[in-house]
Amino acid sequence: MDTFEEYLAKKKIDHEAFRRDEEGLWQEWETLFQTMHPNSFTAQKLFLINKIRRRFPQEVTKS
């Protein structure tokens, strides 16, 4: 099972910036994530995940 940080990385969300700037929401989501299946979490938070992804995009690294 993925950690919350791994889940956010798969969703292309910078988990460090998200946690730093929205600590309360991050903690709420992490607790909820631990209680349900990732697919259920995604279904429940889909539109909010998209909003967070736009605010905290994960840096794209080129090799």
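FYI, it's all coordinate maths here, none of it is from the lab. Every value quoted in this text rests on a predicted model; they were computed, and no experiment measured them. Reconstructed Cβ throughout: ideal geometry from the backbone, glycine too, with neighbour counts over all protein chains shown.
A compact table of results
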{"read-out": "Residue match in segment 16-24 (condition: surrounded by 11 or more Cβ atoms within 10 Å (Cβ to Cβ) and aromatic (Phe, Trp, Tyr))", "value": "yes"}
{"read-out": "Residue in segment 43-63 that is surrounded by the most Cβ atoms within 10 Å (Cβ to Cβ), counting only those that are under 13 Å from residue 4 (Cβ atoms) and either touching a Pro at 6+ places or on another chain (Cβ under 7 Å) or in contact (Cβ under 8 Å) with a residue 24 or more places away in the chain (or both)", "value": "52"}
{"read-out": "Odd one out for residue 60 among (1) in contact with a helix residue (DSSP H, G or I) (Cβ under 9 Å, 6 or more places away or on another chain); (2) not in a helix (DSSP H, G or I)", "value": "(1)"}
